[in-house]
Amino acid sequence: MSGTFVGMPAFPKAAHEAVGNTTLRANLRHATHTIRDKRAKAVAELDDWALLREAGKQIKDHTLRHLDTYLVQLEETVTAAGGTVHWAADADEANRIVTHLVKDTGECEVVKVKSMATQEIGLNEALEEAGIAAYETDLAELIVQLGHDRPSHILVPAIHRNRGEIRDIFTKEMGEWGRPAPEGLTDTPAELAEAARLHLREKFLRAKVGISGANFMVAETGTLVVVESEGNGRMCLTLPETLISVVGIEKIIPTWRDLEVFLQTLPRSSTAERMNPYTSMWTGTTDTDGPRAFHLVLIDNGRTDTLADEVGRQALRCIRCSACLNVCPVYERAGGHAYGSVYPGPIGAILSPQLRGTASEIDASLPYASSLCGACYEVCPVAIDIPEVLVHLRERVVQGGPATRQGNRVVLKPAKGHAAERAAMRAAGWAFVHPGALRAGQRMASRTRRFHPRTLPGPGRAWSATRDLPQVPAEPFRDWWQRTHGKKESGK
């Protein structure tokens, strides 16, 4: 996976800097609270939400267990419908395939539908190196691109920007990318949206090549599905002569009927809508409608490695709704950039370290970017137990151990900086299997509690600098229970 933000520090340092940005925190607080409140009302309208959630989980788990079968079926149905399927093991291969396909058309610019997969592999940068201009057409992605910025949210990439900042970006940058912003542009939503519409319209009408991702791929029919709210996706998917869709292999579902579940749960969990304003579906090519050439690029890029992990594979259920981000207290305060990945928030904290591995300082720190409060699990429409995976990945970071990387079973070394934690865990493990030593240690801690420091020394200082150390009770629980209940129980 190539989606690491170059030069980003590990999460603790990046988050420490982000929480000092009062404008950022105000933007995030307002946006996340608004979205999650609307989502809660939309979900409450469905009496069978819990059943839909379980159905989505079961469909995804079944598909992942039989992923090889359904991918082969998808290739057959897409090919039969007039499309061409390409397989990419990693980001570099995917970028080479897409660049080659665009160059074959003779074009030097493309229009793009919002796609996390293309951000993950760094496609825009790869196309730029090849002399091809890639224009983002989603409003939030347009803001990020014009502002030479990075996305900070799965659903709303420019969530960290307010209206005044967006107006300034449009006024300064639009002219460099195409049609300039209107004179006297204000920060009212209607004027900003109109400026974006006018800017993008000429690109839609001129472009011969469109690039998209997909929310779902139906193995049974070879159909791809994109849901969106602005109509830019519909323009990119229907007007160009060539359409290239770059999709992760986990986005597949077995049958057309399975869509019924996800077309109920995805819009309510993401945009808090009963259904998306634009649901576009295409199956191969036709002579009279849509692009004349369709290419599907299926990317692995660490997904089969993730699938090999019995605990971590549930992250591949994700349908990119972003509900977990909007309820996460850590994301709300730190923002998306602190995660150093195109996948921020709780899902990014478990997905990025699995797709990229935990060798880098950034990825080794991401499993700790959580309070383990469990709010993310409660809102996930496919029931990904994110706290469980976080704890699992923390163990991998601290202890190392067997894992799958690039299709090979390897033994990972423990990450640097966790020697004290490993020693403490070994000591605790030994004490728990020696009750006498545990009891003696508890009594010693109670009798010396007046001398306990308020902060921990050494590596523990990082923990106690922002938390109060819990007070040791005057009497261990075992002794209290024996004193208050022991005689009664022995007399029975």
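Got a number for residues in region 138-186 being more than 18 Å from the chain's Cα centre (by Cα) and within 20 Å of His30 (Cα to Cα)?
Number of matching residues: 9.
Looking at (1) of a type outside the set (S, T, N, Q); (2) without any contact (Cβ under 8 Å) to a residue 40 or more places away in the chain; (3) open to solvent by less than 70 Å² (accessible area, probe 1.4 Å), find the lone condition where His16 falls short.
(3)
Quick one: in region 164-190, of everything that is assigned to a loop (DSSP other than H, G, I, E, B) and β-branched (Val, Ile, Thr), which residue is surrounded by the fewest Cβ atoms within 10 Å (Cβ to Cβ)?
If we filter region 164-190 for residues that are assigned to a loop (DSSP other than H, G, I, E, B), which is where we start, we get 178-188.
Subset that is β-branched (Val, Ile, Thr): 186, 188.
Numbers: Thr186: 13, Thr188: 11.
Applying the filter and picking the extreme gives Thr188.
What helices (runs of 4 or more DSSP H) completely inside region 340-442 contain at least 2 residues that are within 13 Å of Gly312 (Cβ to Cβ) and modelled with pLDDT of 90 or more? Steps first, answer last, please.
Working: elements: 345-356, 361-365, 375-379, 386-399, 419-432.
Fully inside region 340-442 and qualifying: 345-356, 386-399.
Tell me which residues, restricted to region 102-137, are open to solvent by 20 Å² or more (accessible area, probe 1.4 Å), under 23 Å from Arg201 (Cα atoms) and assigned to a loop (DSSP other than H, G, I, E, B).
Gly106, Glu107, Cys108, Lys114, Gly131
From the list Trp463, Trp480, which residue is at pLDDT 85 or above, open to solvent by 50 Å² or more (accessible area, probe 1.4 Å), out of contact with any Cys (no Cβ under 7 Å at 6 or more places or on another chain) and more than 30 Å from Leu266 (Cα to Cα)?
Trp480
Name the residue that is most open to solvent (accessible area, probe 1.4 Å), counting only residues in region 262-289 that are in a helix (DSSP H, G or I) and within 28 Å of Ile121 (Cβ to Cβ).
Taking region 262-289 as the starting set, the residues that turn out to be in a helix (DSSP H, G or I) are 262-270.
Subsequent filtering for residues that are within 28 Å of Ile121 (Cβ to Cβ) retains 262-263, 265-267, 269-270.
Details: Phe262: 0, Leu263: 50, Thr265: 2, Leu266: 7, Pro267: 1, Ser269: 1, Ser270: 7 Å².
Among those that are in a helix (DSSP H, G or I) and within 28 Å of Ile121 (Cβ to Cβ), it is Leu263.
Has region 424-441 got any residue that is among the charged types (D, E, K, R), within 30 Å of Thr306 (Cα to Cα) and open to solvent by 60 Å² or more (accessible area, probe 1.4 Å)?
So in region 424-441, the residues among the charged types (D, E, K, R) come out as 426, 439.
When the remaining residues are screened for being within 30 Å of Thr306 (Cα to Cα), the result is 426.
Then drop every residue that is not open to solvent by 60 Å² or more (accessible area, probe 1.4 Å), which leaves 426.
The answer is yes; a qualifying residue exists.
Look at Thr137 and say whether it is touching a residue at least 12 places away in the same chain (Cβ under 8 Å) and touching a Leu at 6+ places or on another chain (Cβ under 8 Å).
Working: touching a residue at least 12 places away in the same chain (Cβ under 8 Å): yes; touching a Leu at 6+ places or on another chain (Cβ under 8 Å): yes.
Considered against the rule, which asks whether it is touching a residue at least 12 places away in the same chain (Cβ under 8 Å) and touching a Leu at 6+ places or on another chain (Cβ under 8 Å), Thr137 comes out as yes.
Take Thr238 and tell me if it is farther than 30 Å from Arg36 by Cβ, polar (S, T, N, Q) and out of contact with any Lys or Arg (no Cβ under 7 Å at 6 or more places or on another chain). So that I can check it myself, show each step before the final result.
Values: farther than 30 Å from Arg36 by Cβ: yes; polar (S, T, N, Q): yes; out of contact with any Lys or Arg (no Cβ under 7 Å at 6 or more places or on another chain): yes.
Yes.
Could you please tell me which pairs satisfy a Cβ distance under 7 Å, a separation of 6+ or placement on different chains, a first residue in region 164-187 that is among the polar types (S, T, N, Q), and a second residue that is surrounded by 14 or more Cβ atoms within 10 Å (Cβ to Cβ)?
Close Cβ pairs (under 7 Å, with a partner that is surrounded by 14 or more Cβ atoms within 10 Å (Cβ to Cβ)) amount to Thr171/Ala181; Thr171/Leu185; Thr186/Arg167.
Give region 337-370 a look and list any residue that's open to solvent by 20 Å² or more (accessible area, probe 1.4 Å), of a type outside the set (D, E, K, R) and touching a helix residue (DSSP H, G or I) at 6+ places or on another chain (Cβ under 6 Å), or say none. Walk me through it before giving the result.
Going residue by residue through region 337-370, those that are open to solvent by 20 Å² or more (accessible area, probe 1.4 Å) are 337, 356, 358-361, 368, 370.
Within this subset, residues satisfying the condition of being of a type outside the set (D, E, K, R) are 337, 358-360, 368, 370.
Correct list: Thr358, Ser370.
What about Leu52, is it modelled with pLDDT of 95 or more, open to solvent by less than 60 Å² (accessible area, probe 1.4 Å) and either in a helix (DSSP H, G or I) or polar (S, T, N, Q) (or both)? Give the derivation first.
Details: modelled with pLDDT of 95 or more: yes; open to solvent by less than 60 Å² (accessible area, probe 1.4 Å): yes; either in a helix (DSSP H, G or I) or polar (S, T, N, Q) (or both): yes.
Spelling it out, Leu52 is indeed modelled with pLDDT of 95 or more, open to solvent by less than 60 Å² (accessible area, probe 1.4 Å) and either in a helix (DSSP H, G or I) or polar (S, T, N, Q) (or both).
The values are calculated or read from the model by the stated rules, or taken from the named source; none is laboratory data. The shown structure was predicted, so the numbers you read here are calculated from the model rather than taken from an experiment. We place every Cβ from the backbone using ideal geometry, glycine too, and count neighbours over all the protein chains shown. Ligands, DNA and RNA are excluded from the accessible area calculation, which covers all protein heavy atoms including side chains. Shrake-Rupley method; radii C 1.70, N 1.55, O 1.52, S 1.80 Å.
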